[in-house]
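A short write-up of the structure that comes next.
No value in this document is a laboratory result; all are computed from the given coordinates. Everything numeric in this text was worked out from a predicted model, so none of it was measured. A quick note on method: Cβ atoms are made from the backbone with ideal geometry, for glycine too, and the neighbour counts reach across all protein chains shown.
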Amino acid sequence: MIGNPAYPTYQAFLALGIAAVITAALMPLWIRLLKFEGIGQQVRADGPSRHLVKQGTPTMGGVVILIGVVGASLLVARPSFQLILAIGATLATGALGLFDDISSVSHGRSLGLTPRAKMFGLTVIVVVFFTLAVNFCGVRPVVVFPGGFEIDLGALTTTFMVGRTPISIPWLYFIFVFLLLAGMSNAVNLTDGLDGLAGGTSMMAMLVMAAICFLSQDANLAVFCAAAAGGCIGFLWFNAYPASIFMGDTGSLALGGGFAAVAILTNTEIISLVVGGLFIIEALSVMIQVVSFKSTGRRVFLMAPIHHHFEKLGWAETKVVIRFWIISAAFGAIGLALYFQG
């Protein structure tokens, strides 16, 4: 561990800087390797026509982001079970995304793993993460709202023994955690459709979560969130329009999984829904589009996720990205303000 634990803000900024430097330093080498191997993004055939020029752009930049995030976290933070669990959830969802990216590239299509396969992988990740978080990290099966109001989801709990260790499964809270972690992973994944969009919005969300962790007196998770923001910063240097590389599902699923994991470990799940409000909007736009088309045959949006809707309206890609950054920053500010209500 480097840095003085007596100064957690210093540690957080140090982790941010280290992650940014690691990511920015390794990314050019990763881009060259991907180009040499001919590994590139497959663009949706039904997407905006201006995106066709992105066909073949290197993807899986999330691999380098994860190296930066994990490396900085382990260098700066003090080892703790909460930190290892947050890193584990991030790496597990990132590994699932990596399989998805590899499947997409190998089959030469924009779709990778089947929805059923991806959901099975997320279910396994959630089961392991949830069991460890509740039984070994002291996570309470309650949903805390701004102002201190709580809903206890521990009413239906099954307890069994593994050796001499009691393991409790509060089923209602498990469903809630599953929806949050699996949903947020997919929501960030859906947001990753424009150059710099997922990277910039994830950076802002992780910075806010770092502040929340610091205020919750969990310096280790604050360092982790700051490192995640730093990894996004280093990545954005190469992902800014026109992008030299995309993060792929490796990065988007990992960032969404890490974001949700921190929210669960700090019992700030409701606050995280506000902080990640833009991700929620992106996911809802897809759900609304699918339901509307299947039930009425009509589309609510010109194209979903919603960032493509604005592209279809004639907005330049950079305008959509910057305005969505602003919206994400506003959600983050509101979420941080609501945290103080507690």
Problem - Peptides ranked, highest mean first, by Cβ atoms within 10 Å: ranges 158-165, 132-139, 180-187 - result: 180-187, 132-139, 158-165
Problem - Computed magnitude of the charge dipole of the chain (debye, nearest 20; Cβ of K, R +1, Cβ of D, E -1) - result: 520 debye
Exercise for the section: Within 10 Å of each residue's Cβ, count the other Cβ atoms and sort Lys294, Lys319, Lys35 from fewest upward. Expected result: Lys294, Lys319, Lys35
Exercise for the section: Calculate the spin-label point distance for Arg298 paired with Ser80, positioning each point 7 Å from the Cα along the beta-carbon direction, and give it in nanometres. Expected result: 5.2 nm
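Using only helices, what value at 222 nm comes out for the chain when you add -39,500 (n - 2.57) per DSSP H run of length 4 or more and divide by the total residues, to the nearest 500 deg cm²/dmol?
Estimated from H runs of four or more residues: -23000 deg cm²/dmol.
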Handout entry: For segment 169-324, size of Cβ-based charge dipole, Lys and Arg +1, Asp and Glu -1, in debye
Key = 480 debye
Problem - Partners for Lys312 among aspartates and glutamates (Cα-Cα distance below 13 Å; same-chain residues under 8 apart left out) - result: Asp46
Handout entry: Least to most buried among Ile2, Ile18 (fewest other Cβ within 10 Å first)
Key = Ile2, Ile18
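Ranking Ser292, Ser272 by Cβ neighbours within 10 Å, fewest first, what do you get? Intermediate values should be presented prior to the final figure.
Details: Ser292 15, Ser272 25.
Placing the least packed residue first, the sequence is Ser292, Ser272.
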Practice task
Please turn the phi angles of segment 141-152 into ³J(HN,Hα) values with the Karplus equation 6.51 cos²θ - 1.76 cosθ + 1.60 (θ = phi - 60°), one per residue in order, whole Hz, x for glycine and proline.
Solution key: x, 10, 10, 9, 9, x, x, x, 5, 10, 10, 7
Exercise for the section: Return one number: the angle in degrees, 0 to 90 and rounded to the nearest 10, between the long axis of the Cα atoms of helix 317-340 and the longest principal axis of the Cα atoms of the chain. Expected result: 10 degrees
Problem - Karplus-derived HN-Hα couplings along segment 258-267 (A = 6.51, B = -1.76, C = 1.60, θ = phi - 60°), whole Hz, x at Gly and Pro - result: x, 4, 5, 4, 5, 4, 5, 5, 9, 6
Practice task
Sketch the reach of a paramagnetic label on Ala333 as a point 7 Å from Cα along Cα-to-Cβ, and name the residues of segment 197-235 whose backbone nitrogen lies under 12 Å away.
Solution key: none
Practice task
Decide, for segment 208-290, between rounded, prolate and oblate: order the square roots of the alpha carbon gyration tensor eigenvalues as a ≥ b ≥ c, take rounded if a/c falls under 1.5, and otherwise choose prolate if a/b is larger than b/c, else oblate.
Solution key: oblate
